[in-house]
Amino acid sequence: MQFPEFNPYLRKYEEFGSPVVRSEAAVGARGVWARQFAQEQPLHLEIGSGNGFFLAGIAQVHPEWNVLGVEIRFKRIVTAAKKIRAFGVERNARIVRYDAWWLDEILAPGELSGLYLNHPDPWPKDKHARNRLLCPFFAQWAAIALRPGSELRLKTDSLLNFRQMELAIVDQPFEILAQVEDLGRNGVPWPEREEIVTNFQRKFERKGLPVHGMVLRRREG
Ligand SMILES: C[S@@+](CC[C@H](N)C(=O)[O-])C[C@H]1O[C@@H](n2cnc3c(N)ncnc32)[C@H](O)[C@@H]1O
């Protein structure tokens, strides 16, 4: 008897090959991520890559970085992988299926030179608060994974995410370098060429809704 296919993108994910890094391989790559790329370069991570616009775009802007995207949904992984190929950044961009709550399993302390969160789900209702990624547990992990002196950047349509981030870092070695409400009106707090418009960002901007940005620095020591 043939069972109906549960998620057609599961098969596509499994068959895709590079630039998709399978979850099992990601665990083995902990501390030695350079082996998954064409050459050893600083590793930057985007969490929740969605359709991969930022991942492929930033890899194109920075060929001297290795850029890893983490995403949970099979369909979006496949779309992001296609985008990596379409942008011609197979050398320095990879996408992995992993749950953002468990990144400690695939990234060693100090392995990251940059961390990017673009429109993380804000989970505004109190009954969903435990789903909010921007929490002390996450900030503690980020402080371990990021090299001292490196940046964590947050782009979001939700000011609730700003507040969540401020609270999350209270006991952690981060300083807020910039916090900009309405990037369209006030400009971006990062180099203009690194302003890659993501899928969600485009949706909000089309509706005339503001998008905000925050830059944090992992303090020395
Ligand atoms: C609101 S979307 C933003 C997508 C993209 N960054 C953008 O700006 O267009 C949030 C993304 O995070 C992913 N995501 C949510 N929870 C996750 C988790 N625990 N681990 C990895 N990815 C997750 C979702 O599947 C989704 O693609």
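Could you list, in sequence order, all residues of the range 72-88 that are crowded, with 24+ Cβ neighbours inside 10 Å and away from the ligand (no atom under 14 Å from the Cβ)?
Ile84, the sole residue that qualifies.
Please go through the range 22-71 and give me each residue that is assigned to a helix (DSSP H, G or I), more than 13 Å from the ligand (Cβ to nearest atom) and open to solvent by 10 Å² or more (accessible area, probe 1.4 Å), ordered by number. Explain how you work it out, then say what you get.
From the range 22-71, those assigned to a helix (DSSP H, G or I) are 23-28, 33-36, 53-61; that's our starting set.
Narrowing the set further to residues that are more than 13 Å from the ligand (Cβ to nearest atom) leaves 24-25, 27-28, 33-36, 59-61.
Glu24, Ala25, Val27, Gly28, Ala34, Arg35, Gln36, Gln60, Val61, listed by residue number.
Within the range 100-118, can you find the residues that are among the polar types (S, T, N, Q) and either more than 11 Å from the ligand (Cβ to nearest atom) or more than 12 Å from the chain's Cα centre (by Cα) (or both)? Break it down stepwise before answering.
Of the residues in the range 100-118, the ones among the polar types (S, T, N, Q) are 113, 118.
Result: Ser113, single match.
How many of the residues in the range 95-111 are farther than 17 Å from Ala80 by Cα and either in contact with a Cys (Cβ under 8 Å, 6 or more places away or on another chain) or not in a helix (DSSP H, G or I) (or both)?
Of the range 95-111, the ones farther than 17 Å from Ala80 by Cα are 101-111.
The next check asks that each one be either in contact with a Cys (Cβ under 8 Å, 6 or more places away or on another chain) or not in a helix (DSSP H, G or I) (or both); those that pass are 106-111.
Counting residues in the range 95-111 that are farther than 17 Å from Ala80 by Cα and either in contact with a Cys (Cβ under 8 Å, 6 or more places away or on another chain) or not in a helix (DSSP H, G or I) (or both) gives 6.
The rows are residues; the columns are (1) surrounded by 15 or more Cβ atoms within 10 Å (Cβ to Cβ); (2) assigned to a helix (DSSP H, G or I).
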{"residue": "Leu115", "(1), (2)": "yes, no"}
{"residue": "Trp141", "(1), (2)": "yes, yes"}
{"residue": "Arg147", "(1), (2)": "yes, no"}
{"residue": "Gln164", "(1), (2)": "yes, yes"}
{"residue": "Pro189", "(1), (2)": "yes, no"}
{"residue": "Glu220", "(1), (2)": "no, no"}
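Can you find a residue in the range 44-54 that is touching a helix residue (DSSP H, G or I) at 6+ places or on another chain (Cβ under 6 Å) and among the hydrophobic types (A, V, I, L, M, F, W, C)?
Let us first name the residues in the range 44-54 that are touching a helix residue (DSSP H, G or I) at 6+ places or on another chain (Cβ under 6 Å), namely 46-47, 49-53.
Then drop every residue that is not among the hydrophobic types (A, V, I, L, M, F, W, C), which leaves 47, 53.
Within the range 44-54, one or more residues are touching a helix residue (DSSP H, G or I) at 6+ places or on another chain (Cβ under 6 Å) and among the hydrophobic types (A, V, I, L, M, F, W, C).
Run Ser158 past the list (1) within 12 Å of the ligand (Cβ to nearest atom); (2) open to solvent by 20 Å² or more (accessible area, probe 1.4 Å); (3) more than 23 Å from Pro63 (Cα to Cα) and report the number of the one that doesn't hold.
(2)
I'm trying to understand the selection: among the residues of the range 89-99, which are in contact (Cβ under 8 Å) with a residue 40 or more places away in the chain, open to solvent by 20 Å² or more (accessible area, probe 1.4 Å) and within 12 Å of the ligand (Cβ to nearest atom)?
Arg97, Tyr98
Is it the case that Glu151 is acidic (Asp, Glu), surrounded by 16 or more Cβ atoms within 10 Å (Cβ to Cβ) and either farther than 18 Å from Glu46 by Cβ or more than 13 Å from the ligand (Cβ to nearest atom) (or both)? Break it down into steps so the answer makes sense when it comes.
Values: acidic (Asp, Glu): yes; surrounded by 16 or more Cβ atoms within 10 Å (Cβ to Cβ): yes; either farther than 18 Å from Glu46 by Cβ or more than 13 Å from the ligand (Cβ to nearest atom) (or both): yes.
Judged against the criteria, Glu151 is a match.
What pairs can you find where one residue is in the range 109-127 and aliphatic (A, V, I, L, M), the other is more than 15 Å from the ligand (Cβ to nearest atom) and modelled with pLDDT of 95 or more, and their Cβ atoms are less than 7 Å apart, with a gap of 6+ or different chains?
As it stands, the answer is Leu112/Leu43; Leu112/Leu146; Leu112/Arg147; Leu112/Ser150; Leu115/Leu146, since those pairs meet every condition given.
Residues to consider are Arg147, Arg153; find the one that is touching a residue at least 60 places away in the same chain (Cβ under 8 Å) and within 15 Å of the chain's Cα centre (by Cα). Outline the logic, then answer.
Numbers: Arg147 fails: within 15 Å of the chain's Cα centre (by Cα).
Arg153 is the lone residue from the list that is touching a residue at least 60 places away in the same chain (Cβ under 8 Å) and within 15 Å of the chain's Cα centre (by Cα).
The values are calculated or read from the model by the stated rules, or taken from the named source; none is laboratory data. Predicted model only: the values in this text are computed from it and were never measured. We place every Cβ from the backbone using ideal geometry, glycine too, and count neighbours over all the protein chains shown. Just so you know, the surface numbers come from the protein's heavy atoms only, side chains and all, with ligands and any DNA or RNA stripped out. Shrake-Rupley method; radii C 1.70, N 1.55, O 1.52, S 1.80 Å.
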